[in-house]
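Working notes, structure below.
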Ligand SMILES: [Zn+2]
């Protein structure tokens, strides 16, 4: 799984950091191409590439011969420069993973945690587990470039905090980023989990798509938006928070205190409540899988109906956003769990209710990464933010000033 993609030409493609961006973005892969793209002299490019090689940010390997003559040496991002630790926090579990900078998962573990226990207990557990996991992988803690944290609530990424989450008691405004950075001694990024899943699916499966909307359907409902390869978060991280859009004609109580929210009528939690009230043996989303596999007609009908309700809200979202790809993902729609009945209902309504103009170039697909989506997305986000041209230039400058 490669996270590299075209990231556009820098406006002033001159510094070492900008040459690095051209290589990582796939725009140039040899010294000759860097000279052509930037217009810099051969000696300037050589000096800057050598600095990037010496820092371990790029590597140079024998490429393919272009026609006659010696094969050109190919430059690429050295993904072994360091590693990333990811902590994905969910209502009932934590996913911890160690990845290289290319997004390859070196190790991944799931642990039971209860997010409703509040930030202190949950983050203490994460801090203890991260050290153990790094030791098991044989990774040196000093090579950790960052910890990326996914949280199931609205995140203000500037503050590194969750703001007014409906289902995370005690987490509002808690300094998640500062706490973890202080305890673990690494840079920390905090992001909403639907956003991370959106980025993971986009980078892996739809790298060329201009606009990707990911709808996460699990215990709740949320969405992430990726435009031109970048997350769209809105003014303070609330973009894509579709789970609390009011549904006309419904009055199911929602965890946010309102009535008839999409998440209260069409999420896993809503389905479980409805089916359990009808006498079905369901307590968790996983229990739905057994009922679907047994061909339980009521469960299949309930899944499809819930998909149709989500489709109603999505029809509006699609009109506003005009996406190219809608990825439906999460525990309730993973094909292995519920065999696509939810997505069938969702597709029916989207294609019936939308104007032909809105669905002409639209594809509604099921996510392929499962629980790995947010892990892959977190790694992509960390690399994007940590290896900007300015950050790379600063890193090289620090090396020079530290040299004996
Ligand atoms: Zn609500």
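The values are calculated or read from the model by the stated rules, or taken from the named source; none is laboratory data. No experiment lies behind these values; they were computed from the predicted model shown. Reconstructed Cβ throughout: ideal geometry from the backbone, glycine too, with neighbour counts over all protein chains shown.
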Subset of the stretch 163-172, residues crowded, with 18+ Cβ neighbours inside 10 Å and either at pLDDT below 95 or not in a loop (DSSP other than H, G, I, E, B) (or both), comes to 165, 166, 167, 168
Those residues of the stretch 1-23 which are surrounded by 17 or more Cβ atoms within 10 Å (Cβ to Cβ) and at pLDDT below 90 amount to 3, 4, 7, 10, 13
Of the conditions (1) under 20 Å from residue 215 (Cβ atoms); (2) out of contact with any strand residue (DSSP E or B) (no Cβ under 7 Å at 6 or more places or on another chain), the single one that residue 314 does not satisfy is (2)
Okay, strands (runs of 3 or more DSSP E) sitting entirely in the stretch 52-162 with 1 or more residues that are buried (at least 20 other Cβ atoms within 10 Å of the Cβ), I get 58-62, 73-77, 83-89, 93-100, 144-151
Across the stretch 266-292, the tally of residues that are surrounded by fewer than 20 Cβ atoms within 10 Å (Cβ to Cβ) and either on the phi > 0 side of the Ramachandran plot or within 16 Å of the ligand (Cβ to nearest atom) (or both) stands at 2
For the stretch 260-272, pairs from a residue that is free of Cβ contacts under 8 Å to residues at least 40 places away in the same chain to a residue that is part of a strand (DSSP E or B) and within 11 Å of the ligand (Cβ to nearest atom), with Cβ under 6 Å and 6 or more apart or across chains, are 260/246
Of those in the stretch 224-265 that are near the ligand (Cβ under 9 Å from one of its atoms) and crowded, with 22+ Cβ neighbours inside 10 Å, the residue nearest to residue 374 (Cα to Cα) is 243
Checked 295, 331 against criteria (part of a loop (DSSP other than H, G, I, E, B) and surrounded by fewer than 17 Cβ atoms within 10 Å (Cβ to Cβ)); the one match is 295
So for the stretch 377-400 (the condition being on the phi > 0 side of the Ramachandran plot and touching a residue at least 40 places away in the same chain (Cβ under 8 Å)), does at least one residue qualify?
no
